[in-house]
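Peer 1: Pasting a structure here, questions to come.
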Amino acid sequence: MFLFGRKSKRKGKEIDKNRLPVHIAIIPDGNGRWATRRGMPRSAGHREGANNLKNIVKYCNNLGVTYVTFYAFSTENWSRPKEEVDALMSLLLEFLKNADKELEGSNIRIKVIGDISRLSKELQTEIKRVVESTKVNTGLNLVFALNYGGRDEIVNAVRRIAQDVQGGRLRPEDIDEETFSRRLYTSEMPDPELLIRTSGEKRSSNFLLWQSAYTEFWYTDKLWPDFTEKDMEEAIIDFQNRNRRFGGI
Ligand code: IPE
Ligand code: IPE
Ligand code: MG
């Protein structure tokens with residue numbers, strides 16, 4: 001009786017390291033509310049959020065996850081007050097400048113998806129430097145979605161396909177899902193298997209629209225700065241206990 005009880009209690013309550021989601025996408029939402037509730041400026045929430053991101057990245061890397069993509073700045077986030085946009089951009093710059101020191105020995109590779117041409121020259125240079133210097137790493141792929149929008153990504157892919165057709169390099173009848181996927185920012189990456197959004201919001205906000213066709217969604221009311229390794233563990237266990245059917249039975 002005791003043994004039986006103990007056995008069944010363990011089932012599905014720990015992470016199965018052999019069945020980890022290969023790609024986890026995260027919408028780290030709620031930084032602003034976290035700060036406002038404490039009577040602090042929203043930028044303080046973003047700073048706290050950036051610190052928390054490092055903890056979660058470390059956790060995922062140690063666990064052996066292959067890809068983690070963070071929605072760091074959306075194409076719609078430009079509509080925020082300039083002061084807040086500037087604060088977000090300078091946090092990003094700071095993160096990238098310290099990346100070598102912070103990531104040393106971690107074997108993490110940094111990638112970026114999104115249209116970075118609208119970011120400052122300084123940021124663009126720093127992004128290229130970090131992406132280049134971590135290229136040889138074989139551990140976690142840490143992906144930042146910057147000035148990323150799913151619709152923007154799809155429109156860009158369509159434009160490139162149209163150019164290829166116009167240039168005689170592609171025939172309309174040869175366009176398939178593969179042709180399309182290869183022209184997205186994520187062309188080299190597997191689709192996310194698990195998408196986590198914090199702060200109680202339950203929408204995609206234009207994140208990985210094409211790629212999330214069969215992604216499992218997991219939500220928590222916790223604000224991003226309060227999201228812990230334990231919450232991450234809970235999300236992964238929940239994912240592992242789901243039945244993914246992909247249209248089958
Ligand atoms: C998410 O937190 C961080 C970014 C958009 C970069 P928010 O700034 O959206 O926080 P809330 O949703 O206003 O609380
Ligand atoms: C999504 O959060 C974008 C990022 C976390 C970067 P938002 O806070 O911008 O999304 P909405 O406006 O609540 O949909
Ligand atoms: Mg938000």
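Peer 1: Based solely on its DSSP helices, what 222 nm [θ] is calculated for the chain when runs of n ≥ 4 H residues each add -39,500 (n - 2.57) and the sum is averaged over all residues, nearest 500 deg cm²/dmol?
Peer 2: Numbers: 8 runs with 107 residues, N = 249.
It lands at -13500 deg cm²/dmol.
Peer 1: In region 117-186, which trypsin sites (Lys or Arg not before Pro) fall in coil by DSSP and have 11 or fewer other Cβ atoms within 10 Å? Present the calculation step by step, with values, prior to reporting the outcome.
Peer 2: Numbers: sites: ARG118, LYS121, LYS128, ARG129, LYS135, ARG151, ARG159, ARG160, ARG169, ARG182, ARG183; in loops: LYS135, ARG169, ARG182, ARG183.
Passing sites in region 117-186 are LYS135, ARG169.
Peer 1: Test of understanding: given the chain, find the longest segment containing no chymotrypsin sites (Phe, Trp or Tyr not before Pro) that are in a DSSP loop and have at most 12 other Cβ atoms within 10 Å.
Peer 2: 1-213
Peer 1: Pairs to check: LYS17/LYS58; LYS13/LYS202; LYS54/LYS128; LYS97/LYS128; LYS202/LYS222; LYS128/LYS202. Give those whose C-alpha atoms are more than 23 Å from each other in this structure.
Peer 2: Details: LYS17/LYS58 16 Å; LYS13/LYS202 25 Å; LYS54/LYS128 20 Å; LYS97/LYS128 12 Å; LYS202/LYS222 13 Å; LYS128/LYS202 33 Å.
Listed pairs above 23 Å: LYS13/LYS202; LYS128/LYS202.
Peer 1: Which net charge results when you count Lys and Arg as +1 and Asp and Glu as -1 among the other residues whose beta-carbon is under 13 Å from that of TYR214? Display every interim value, and only then the final one.
Peer 2: Values: positive: ARG242, ARG244, ARG245; negative: GLU177, ASP191, GLU193, GLU216.
Taking every Cβ under 13 Å from that of TYR214, the sum is -1.
Peer 1: Then there's this: Summing Lys, Arg as +1 and Asp, Glu as -1, what charge do residues with Cβ under 10 Å from the Cβ of MET40 carry, MET40 excluded? Intermediate results must be reported in sequence, preceding the final value.
Peer 2: Numbers: positive: ARG37, ARG38, ARG42, ARG47; negative: GLU48.
Cβ neighbours under 10 Å give a net charge of +3.
Peer 1: Further question: What is the sum of charges, Lys and Arg at +1 and Asp and Glu at -1, for the other residues whose Cβ falls under 10 Å from the Cβ of ALA87? Spell out each step's value before the answer.
Peer 2: Working: positive: ARG42, ARG47, ARG80, LYS82; negative: GLU83, GLU84, ASP86.
So the surrounding residues net to +1.
Peer 1: Okay, moving on. Using a ≥ b ≥ c from the Cα gyration tensor of the chain (square roots of the eigenvalues), is it rounded, prolate or oblate, where a/c under 1.5 gives rounded and otherwise the larger of a/b and b/c decides, a/b for prolate? Before the final figure, lay out each step's value.
Peer 2: Details: a/c = 1.67, a/b = 1.16, b/c = 1.44.
Cα axes put the chain in the oblate bin.
Quick note: the coordinates plus some simple rules give every number you see, no bench work behind them. Just so you know, these numbers come straight off a predicted model, no measurement behind them. Neighbour counts are summed over all protein chains in view; Cβ atoms, including those assigned to glycine, are modelled from backbone coordinates with ideal geometry.
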